[in-house]
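All remarks here apply to the structure that follows.
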Amino acid sequence: MAYHSSNSFRLIRAIAPTGLRRVVFAVLLVLSTPHLARGESPSAESLKSLEIYAGVPSSTGSMLQLRGADSQRQLIVTGHYASGKAKDLTRTVVFTTPEGGLLKIGPNGLVTPLKDGVGTLTASVPSSGAGPGPEAVSATIPVQVVGADKALPVNFPNQIAPIFTKAGCNSGGCHGKSGGQNGFRLSLLGFEPAEDYEHLVSESRGRRLFPAAPDHSLLLEKAISSVPHGGGKRLEADSADYRMLRRWIAQGMPYGNSTDPVVTRIEVFPKERVAALGAEQQLAVIAHYSDGSSEDATQSSLYEPNDKEMAKVDASGLVKLYQQPGDVGIMVRYQGKVAVFRATIPLGAEVNDLPPARNFIDSLVFKKLKQLGMPPSSVCDDPTFLRRVTIDIAGRLPTIEESTLFASDTSAEKRDRVIQRLLDSSEYAEYFANKWAALLRNKRNEATHKHGTYLFHDWIRESLLANKPYDVFVREVLAASGDIGRNPPVAWYRQVKNSTSQLEDTAQLFLGVRLQCAQCHHHPYERWSQQDYYSFSAFFSQVGRKPGSQPGEEMVFHKRGVAKATNKKNKEELRPAGLGNAPLELPPEQDPRNSLVDWMAASDNPFFAKSLVNRYWKHFFNRGLVDPEDDIRETNPPSNPELLDALASHFVASKYDLKELIRKLCGSTVYQLSSEPNEFNTNDKQNFSRYYPKRINAEVLYDAIHLITGAETKFDGLPEGTRAVQLPDNSFNASVYFLNVFGRPDSSSSCECERSQDASLAQSLHLLNAKDLQEKIAADKGRAASLAGDFKRDDETKIRELYLAAFSRQPDPLEMKVAIGHLEKKLPSKEGKPEETIPKRRAYEDVIWALLNTKEFLFNH
Amino acid sequence: MNPDHSPHRMREARGEGLFCGKRTLHSFAQLASEILRTELVFFQGLTSKSGRTILNLNQHLQKARASQPEISPKLIGVGPLSPLMLTIHGNSSRFCDGLSRRNFLRIGALGLGGLTLPQLLRAESISGQRQRHKSVIMIFLPGGPSHQDMVDLKMDAPSEIRGEFKPISTSVPGVQICEHLPKIARLMDKMTVIRSMVGAEDNHYAFQCLSGRHQKNAPQGGWPCLGSVLSKLGGSVDRSVPPFVGLSPAMGHVPWSDAGTPGFLGVGHAPFKPNGAGMGDLTLNGSSLDRLSDRKQLLASFDRFRRDVDGSGLMEGLDVFNEQAFGMLTSSKLLEALDIGREDPRVREMYGKGDPKNRDDGGPKLMEQFLMARRLVEAGTRCVTLAFSRWDHHGDNFGALRQDLPLFDQGLSALVTDLHERGLDKDVSVVVWGEFGRTPKINKDGGRDHWPRVSCALLAGGGMRHGQVIGATDRLGGEAVERPVQFGEVFATLYHNLGIDVSKVTLPDLSGRPQFLVDGWQPMKELVG
């Protein structure tokens, strides 16, 4: 018996007379093969072979094995083409089931047993019939069905709890929230099956389950909404999940034995695929158990794309890609285990004229772009580069002199020289100290904190200026002991008070791992459990404190004792352990924080170097290779894994040299690409085929506005002319509305996301109309007044100066015309009086005001 | 394919109720043609209660489509409508938050549903009037008002507890409140008294009354207050009026003058404070309207930077906000809303004259705040916070209340009356409370001290079922003995009134964790069930 799996066929089947089916089918097949439908030459895409995946391949090749009445297998049929491409054909092939009705195949390739026996299953793509079309291609797989009529005892953790997860019953918004929903509580995402069992079976006097008449169990009646259920209908009465629950209740609600196998890992097939725009891919998920067995978990797993603009997945594991080239990861979760399917979706354009590769970054990015068929934009011009790199490294606009000098420099390595000059400047250290001070929570909560925040800021700045190796920098913070006055990084411990926030900050800031979730429950997207969380927190268990030498300050010291922490859930005492590492046995006199940094800074640490290079990549490229930059996890894969690895190894090999890293990043051609898209890469958001513009930071923008208007910055208690980038702590945000409204972070979080880069109405109002800014533009000593009062130079020269100062470039003729037009504008004549020209100073104020409000000014592009 | 049209975007975030309400056929025809022109697809879950709206719109869409066959926008799905607000449904509600932070930010900041903000504004401006938006006025009584001297008088208690005031009957039979609140008493059928507020944090601050949360154990960045949540979820109703306005005046004790903090939502969602730094930006500075329009032209000529270089939508957002800002600077709608001089003198008289002097380190008694609040929600603000006087009477409790209660009585009753007279009582919820209650026992100075174990709240409007008393305290007014009400339950109720489903909507905090708007509390069945 032949069964065609496409949905359209089923439709036709319903309406076509039996005799016509085969004919209709053949026509349909041609139409449903996309490359043919698109009119591509069939020979270029001729199908060479088919491959059937049916779970774990055995030594003798793949075999389809079904054991027990509940077993099922998701088949995946992959077509291999002459061009080397592979495509999912699971829903387009014709399956021929073995003789004797051993099994049933659903339209999506899901196999369930009917009867014991052995046989062969065939999948085929028939020839298109007449003409020189493709040949029929088929593949077979041996089949073995055992115990098809045997219902094995149900196991609660492995078979029942996942149903609640899949149906959303135990999600955070429903019964999974702490305290449950309307009196019925389940553990979040089924991480604690024993508790769930308790709640279901024993709570509420056992009214939820009714083994004598399973269908009348409240659990089932609520689930199919035959009695009113706040969460609506979650299951169909004829679904496999319903039948499973029903059988479990009928069996008397067995929990299973403590010796029953547990899931140790899950695997998704395929792991990776290069797929066409708009293509579909069925996934299969295999759960591996502690006894070495495996089960198909495709129907019970949860799926979620990491970028919802690129793909969607339905509950059966069918991935539908959208029309967006790039990479997308599909996170698969089952019983607290995760796996990822990665699809690369090429655009398919010719990539020939690549700009020259200057270092390994370029080779790896270009390699990716070639793979994707996405030609990069061209290299940006000199003024754009100078402005971009000066803002990114030194946190300021280039001066007019710098721009002029750079324009006249004709040497080949002039861009590298600028990078080096900026890295050597104290402005580099100031700008990055500003970044790190916020992340290291250099916050002034009380007036007495000022001494410490100033010292800590200064320490960060000096460390960066001296190019202290990053691992040393981190060790000096995390393992800091003593008095803030003598050892400023101790200030970190003043802000980051208890061991939970210390471990969470450490993980997020230095390892790019967000552990917060695992404090109260197993991390929903990650392998981290509460055990991992509390083991990690044990590193901070021996932090002692006593009053410091200054008011509001503390001394931090190592409290002698064996480092340990208690798992809040199971009350187990835990020794310190790095993430994914064995626990350490440390002698009481050893400060565990040093052991922590030893683990972090080891060259094979999977997080430490990666996290930093990714953070810096984001600083310069406006999107992390992993994004958000501090959320590195298996289920949020990097857009270019090779590049991330290469950067991390380079960073480790350079002995954690931050300036060397920046040199490599900014020295790459990729960093120097234009932000202007070509006809192919407008939608590119993750492959770095062009530069992604970013809004200039609050501090840099504030300084830049002062530079252009010619006003001096002034902050309470600091010398006049201190720039916003140099501010030592967060306390100035309150008094300078501009910094506040443009999102300068308050140092209350170790997350870069605290710096708000959103646009807002208040920002627009402020920039367009703030009294403070208007006064700066119109100041007697400001640039507008001085330009208007300068009679030696003509207006064109002055406009050129303004453009150089604001945009580091010359105005084009049209811009010049607009500006001059405004400077010579006639005001509407008042009654009886002759027409007057706009006052010069006012005209210059207008021009400066307009330049400050352009996107070209507000963005680093 | 324009990403705005992709069905997955539509599925993730459904903008609802943008165009419902009464509308002429003419505007529907316009709307339909605009939809065709801009190829918008946004009708997920759009209908009026009667089902007519969508029908009309469909007819006009078909007509318009027939005349412009080259464009064919799709009408996706029609479903029942909960009014006004953006509801974020999860990816088949697995996590009740299927959105990545990035997507969420874009949607939150720039649009409702599948619409980007500019499209939304364009669509709104051609569709003429909008359905009335829902809003909240939050009135904070700094210092902890004395529940047993206002709405829960204990006449059977011994004299050291009883207090000096007598109860009076109200318009609701059987409900009595303090003799110094006669106007509120007459309106009791339009209000609800909660006598059993519990769970106060015992902290002299407005935070809990603005956010429904304790400050302790907050996620990084802190909890956002209700107004910031509304700003994040809904954005501006009117392009020239901020969604969240804080009127709370400056006070000596700073945590009382808190008008609401945005917490992890970021400064973009902080309240617009007409007393604060942002206010100065509302009136033209160093410029005239003519000059502003000149400058705007100049800016348009200079600002030729290609917007498509930015794929994040930020540049587009910036343009939209700039346009709004110009709108605010030229339309002065907000300023007018704040200018109570424009109000009918009769109405002003109803609100009465207050006392601009701060009571010690607390607030002044500004009756204008009540009126301004009404004018603001009318103009398009989603949340107004205000604070009135100071209620921390450790000494001479009764003397101080004799001074303040009549003013409070007049201000609040005027607001409630006014909302009803203008037909706003279904759309605007009012909540009045303080950070805790006061001790049953009167101390040696004739005052009452802090009592976080129980306090009271007054509610009005919002389409709630009024004329009732919820909860009760014991004979001494010291413990809630009936129906203890948590702050979170009141917030869940307010969100419900705003059309927000607290069991579904989440906002990501700084660690990316989806956070619910209230901690598992449900809307109060007594009020909205």
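At a glance:
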read-out	value
Two-decimal Rg/Rh across chain A, once Rg and the Kirkwood Rh are taken from alpha-carbon atoms	1.04
Partner chain coverage, peptide A:677-686 - average Cβ within 10 angstrom	2
For A:Glu280, net neighbour charge (Lys/Arg +1, Asp/Glu -1) across residues whose Cβ lies under 12 Å away	+3
In Hz, Karplus ³J(HN,Hα) per residue of the stretch A:579-592 (6.51, -1.76, 1.60; θ = phi - 60°; x = Gly, Pro)	4, x, 10, 6, x, 9, 9, 10, x, x, 7, 8, 6, x
Low-density loop positions, trypsin sites (Lys or Arg not before Pro), the stretch B:294-400 - DSSP coil, at most 13 other Cβ in 10 Å	B:Lys353, B:Lys357
Difference of contour (0.36 nm per residue) and Cα-Cα distance, A:Asp238 to A:Ser649	142.5 nm
Shielding by other protein chains, A:687-693, mean Cβ within 10 Å	2
Beta bridges per DSSP with both ends in the stretch A:263-345, % antiparallel, nearest 5	90 percent
Label-point separation, B:Glu164 to A:Val274 (7 Å along Cα→Cβ), nm	8.8 nm
Among the listed pairs A:Lys817/B:Lys333; A:Lys664/A:Lys694; A:Lys855/B:Lys273, those beyond 30 Å (Cα-Cα)	A:Lys817/B:Lys333
Between the stretch A:214-242 and the stretch A:707-729, the Cα center-to-center distance that results, in Å	66 Å
Proximal lysines relative to A:Lys833, as straight alpha-carbon distance under 19 Å, when same-chain residues fewer than 8 apart are discounted	A:Lys825
Label-point separation, A:Gln323 to A:Phe791 (7 Å along Cα→Cβ), nm	6.3 nm
Inter-probe distance in nm under a simple model that places probes 7 Å from Cα toward Cβ, at B:Val528 and A:Glu801	6.2 nm
Environment charge at B:Lys353 (Cβ cut-off 12 Å; Lys +1, Arg +1, Asp -1, Glu -1)	-1
Proximal lysines to B:Lys504, defined as alpha-carbon separation beneath 20 angstrom and excluding residues fewer than eight positions away on the same chain	A:Lys166, A:Lys177, A:Lys222, A:Lys233, A:Lys308, B:Lys134, B:Lys232, B:Lys525
Globularity ratio of the stretch A:156-250, using Cα Rg and 2.2 N^0.38 Å	0.96
Estimated vicinal HN-Hα couplings, Hz - the stretch B:319-328 in sequence order (Karplus 6.51, -1.76, 1.60; Gly, Pro = x)	4, 5, 5, 4, 4, 4, 4, 4, x, 5
R0 of 25 Å, Cβ-Cβ distance B:Asp360-B:Leu476: FRET efficiency to nearest 0.05	0.35
Integer Hz, Karplus 6.51/-1.76/1.60 couplings in order for the stretch A:593-603, x for Gly and Pro	5, 5, 5, 4, 5, 4, 5, 4, 8, 4, 5
Pairwise FRET efficiency - A:Leu152 versus A:Ser316, Cβ, R0 = 25 Å, nearest 0.05	0.60
Set of aspartates and glutamates with alpha-carbon distance to A:Lys776 below 17 Å, sequence-local pairs under 8 removed	A:Glu699, A:Asp703, A:Glu712, A:Glu720, A:Glu845, A:Asp846, B:Asp281
Sites matching GluC sites (Glu not before Pro) across the stretch A:762-828 that sit in DSSP coil, with at most 12 neighbouring C-beta atoms within 10 Å	A:Glu824
Between the stretch A:147-167 and the stretch A:77-128, the alpha-carbon center distance in angstrom	26 Å
Whole-angstrom gap from the stretch B:332-367 to the stretch A:424-448, using each part's C-alpha centre	44 Å
Shape parameters for the stretch A:263-345, alpha-carbon atoms, Rg then Dmax in Å	12.6, 43
Amide H partners (placed H, <5 Å) of A:Leu318, local residues excluded	A:Leu283
Average Cα contact separation per residue, the stretch A:783-860, under 8 Å, 6 or more apart, as relative contact order %	35 percent
Per-residue average of Cβ from other chains inside 10 Å of B:216-224	3
Entries in A:Lys568/A:Lys655; A:Lys271/A:Lys367; A:Lys443/A:Lys564; B:Lys357/B:Lys444; A:Lys435/B:Lys296; A:Lys271/A:Lys468 that, when Cα-Cα distance is taken, lie over 31 Å	A:Lys568/A:Lys655; A:Lys435/B:Lys296; A:Lys271/A:Lys468
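Where a number appears in this text, it was derived from the coordinates with a stated rule and is not lab data. Remember, predicted model here, so these are calculated numbers, not experimental data. All Cβ positions, even for glycine, are placed from backbone atoms using ideal geometry, and neighbour counts span all protein chains on display.
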